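S.K.: This is the structure, below, for whatever I ask next.
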Amino acid sequence: MKCSLLFLGIFLIAFSQDWAVENGWQEIKVFQTNRSQVEKILGKPQKEDFETTYSTEDVVVNVIYSDMRCGDSKRLKAKYDLPAETVLHYEVRFLKDIDFSQLILQRENYEYVQDFHLLNLSYYSNLKKGITITIFNSDGNERVSSIKYLPTKEQMTQFKCE
């Protein structure tokens, strides 16, 4: 009996598509995760310029990494007291349908905003957590188009160069 319950638990964890949004996508965390950790998850990038782009079968991930500690304060990549190659910001764009209901989050902590130009787009934002979720509304269903992870005000203050 215990063995069956253990197997069921492992099966549910392994094959569940639900995840806690606030833990970061695939546990990638702004101002904490470095490039080598990202590449263990996503492999080598497909494109590198201002953003580094990774592609998998299910997602396209754009990452902005720091390039130096406390350089030119006008440059995003050198603005913070963080080691080079640390994730500053990233966006996950989903290539397959993800229902908004699959995301584990406290919905009441997110501000809902309807896009004024594209009526089938809306956003859920939690500035305290640095998360913005873009939703595509289709036939009454909310589909996740992308999730952006940004530094919080706390992080920007804590790691600001003096």
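Computed from the coordinates by the stated procedures, all read-outs in this text should not be read as laboratory data. No experiment lies behind these values; they were computed from the predicted model shown. Cβ coordinates were reconstructed from backbone atoms using ideal geometry, including for glycine residues, and neighbour counts include every protein chain displayed.
S.K.: Mind telling me which of D97, D49, D58 comes out most flexible in a GNM of the chain, alpha-carbon contacts under 10 Å?
M.R.: Greatest mean-square fluctuation among the candidates belongs to D49.
S.K.: Then there's this: Mind listing which chymotrypsin sites (Phe, Trp or Tyr not before Pro) in the range 102-162 are in a DSSP loop and have 13 or fewer other Cβ atoms within 10 Å?
M.R.: F116
S.K.: Please give every one of the lysines within straight-line cross-link reach of K44, meaning a C-alpha to C-alpha distance under 30 Å, and leave out same-chain neighbours fewer than 8 residues apart.
M.R.: K29, K74, K77, K79, K96, K129, K148, K160
S.K.: So what is log10(I(q)/I(0)) for the chain at q = 0.09 1/Å, when the Debye sum runs over its Cα atoms only?
M.R.: Treating every Cα as an identical point scatterer, log10 I(q)/I(0) equals -0.36.
S.K.: Put +1 on the Cβ of each Lys and Arg and -1 on the Cβ of each Asp and Glu in the chain; which of L121, L95, I41 then has its Cα farthest toward the positive end of the dipole?
M.R.: I41
S.K.: Let me ask you something else. Nearest 500 deg cm²/dmol is fine: what mean residue ellipticity at 222 nm does the chain get from its DSSP H runs of n ≥ 4 alone, each adding -39,500 (n - 2.57), divided by its residue count?
M.R.: The helix-only estimate for the chain comes to -5000 deg cm²/dmol at 222 nm.
S.K.: So if R0 is 25 Å, what FRET efficiency would D115 and L95 give, r being the distance between their Cβ atoms, rounded to the nearest 0.05?
M.R.: Details: r = 21 Å, r/R0 = 0.83.
So the FRET efficiency works out to roughly 0.75.
S.K.: Please go through the range 42-103 and write out the GluC sites (Glu not before Pro) that DSSP classes as loop and that have at most 13 other C-beta atoms within 10 Å. Mind showing how you got there, number by number?
M.R.: Values: sites: E48, E51, E57, E85, E91; in loops: E51, E57, E85.
Listed in order of number, the matching sites are E57.
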